[in-house]
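Report on the following structure.
The values are calculated or read from the model by the stated rules, or taken from the named source; none is laboratory data. Only a predicted model underlies this, so the values are computations on that prediction, with no experimental measurement involved. Counting neighbours? That spans all protein chains shown, and the Cβs are built from the backbone with ideal geometry, glycine included. Calculation scope for accessible area: heavy atoms of the full protein, side chains included, ligands and nucleic acids excluded. Shrake-Rupley method; radii C 1.70, N 1.55, O 1.52, S 1.80 Å.
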Amino acid sequence: MQHLRWHWEQLTRLVLEGQCPLCDRSTAQTFCPSCQRQLQQCQLAHHQWSPTPVPLFAWGSYRGALKRAIGALKYHGNPHLAEPLATWLADAWLATPNPQTQQGLTVIPIPMHPDKQKQRGFNQAERLATHFCRITRLPCLVNGLSRDRETIAQFHLSAAERQQNLQAAFKPSKTLLNQRFSGSVLLLDDIYTTGATIQAATQALHRCGIRVSEAIVLAKAVKEKGGEGWRMKDEG
């Protein structure tokens, strides 16, 4: 009887546990303890507001386990990974002295082109924003911006090419314009590289008189000077 109970407990544990998306180990959490430690090691030691087109807050460095986790979220059909990642982002943001007032802030995620979102099945920035706002209690306008012009993948583009690629790609949605928005916007995206995406979205909102007070991202790419401009440095 004891032997059967042991097998039942083992079977129950296997059913209740899933696989870690980064190493395939069995785990009761989203990430196994080992991968979670590696993810936490990617967190930036000092959360500073970078002097970008708008103040920028980044949770971690786009490398190692965090880079693999974002890849698993976006490209391997794991939208549930947005919840723990957004939780860490929100906790760090709330705990860091903020040069901007939180009062009157509305979170708007960077949109995807409808065709690309249909292909992927979800927008990772929207998933991150939804969980981020659940913790911070900020309002979230998931359709605040639209991306009506399809752009090419930016991974291999230089900073200048990225800006040209995103020119006039975004525009405020009718929902945002019709509600006579009077607050300020916090833009949220998954990765910050050259800042072209944040800059293009900010300009689109500014043209309609809507102020962007800050931007927040899960990961900031480590960049080095390359032959034809800036490129992401892959640190593993």
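Going through (1) modelled with pLDDT of 80 or more; (2) open to solvent by 20 Å² or more (accessible area, probe 1.4 Å); (3) not in a helix (DSSP H, G or I) one by one, L177 falls short only on (3).
Can you name the condition, by its number, that A86 falls short on among (1) open to solvent by 50 Å² or more (accessible area, probe 1.4 Å); (2) at pLDDT 95 or above; (3) closer than 26 Å to S146 by Cβ? All conditions pass for A86, except number (1). Counting only residues that are touching a strand residue (DSSP E or B) at 6+ places or on another chain (Cβ under 8 Å) and of a type in the set (D, E), how many does region 102-135 have? Of the residues in region 102-135, 1 are touching a strand residue (DSSP E or B) at 6+ places or on another chain (Cβ under 8 Å) and of a type in the set (D, E). Note on region 1-49: among residues that are basic (K, R) and at pLDDT 55 or above, the one that is surrounded by the most Cβ atoms within 10 Å (Cβ to Cβ) is R25. The residues on offer are P111, P97, and the sole one that is part of a loop (DSSP other than H, G, I, E, B) and open to solvent by 30 Å² or more (accessible area, probe 1.4 Å) is P97.
For region 116-135, the candidate set comprises residues that are among the aliphatic types (A, V, I, L, M) and touching a helix residue (DSSP H, G or I) at 6+ places or on another chain (Cβ under 8 Å); within that set, the residue that is surrounded by the most Cβ atoms within 10 Å (Cβ to Cβ) is L128.
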